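Since every read-out is calculated from the coordinates, none of them should be taken as a lab result. Source: prediction; values computed, not measured. Here the Cβ is made from the backbone with ideal geometry for all residues, glycine too, and neighbour counts use every protein chain on show.
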Amino acid sequence: MSQSEQAREQPCEQPSEQPSENASHLAKLDDRELALNAQAGCLRSYEELVRRYDRRIFAFLLTRSPSRQDAEDLLQKTFIAAYKNIGKFKIQYPFSPWLYTIARNLAVSHLRRLKPHVNEVFDFSDERSPAHEMADRETRENLWSIVQRELSETQATALWLKYREQLPVSEIARTLGKSVTHTKVILHRARKALAKHLDAEPATDVRPPVMPEARPVFADVQVS
């Protein structure tokens, strides 16, 4: 029997006496198998998806939030919304574009309500040494602040998913709700626009921001 068939027959096994055994079993399942289990009512499978994606979604939301607190709130709302709508997820498609779509839609709605703040430089960092903080600050101010200030939300999202998350164009297209061809055009125009603005800025290291730590946002939430 295949691993996928086992996941279908046992959507939520009874906890083992050894917690590590449960974690090991879940870690062997792919995103779609976990989502399938979650659709069958297995909360532990969904918690494994949260574990896999919480830091990545949090980093994504930090680039679209005026404060760390806003990003944390949106992160919690993203995973709650995904859990409540997990039945709508189509198993034949990758899970991550579906989750990023939820996060993006929530962030866009939030920013529309906070329009005066959208040009702020968002904080990617945790508490770090002054040297690291200065390097990361230079990176943020000379790359991601330009992305947020000069590019459209769609272009900024496409660049993030391409270069930070390294998603294939097909999955970026699904997240954006665009065709693959249109997404390629968006990426091309975004790179061209960013290069133009970088040429006008002092040379700097353009490393992506360090992945921040996100506080646990789902385990303590009572989902109805």
Averaging 1/r across every pair of distinct alpha carbons in the range 20-120 and inverting yields a Kirkwood hydrodynamic radius, in angstrom, of 14.3 Å
Expected unfolding gain across TYR163-SER145 under the 0.36 nm per residue rule, minus the alpha-carbon gap, is 4.9 nm
Arrange LYS178, LYS88 by Cβ neighbour counts within 10 Å, fewest through most, would you?
LYS88, LYS178
Report the FRET efficiency, 1/(1 + (r/R0)^6), for SER67 and VAL108, where r is their Cβ-Cβ distance and R0 is 25 Å, rounded to 0.05.
0.90
Working out 0.36 nm times the residue gap between HIS188 and ASN85, then minus their Cα-Cα distance, what length gain in nm do you get to one decimal?
33.8 nm
On a full-extension model of 0.36 nm per residue, what is the gain between SER24 and GLU153, subtracting their alpha-carbon distance, rounded to one decimal in nm?
42.6 nm
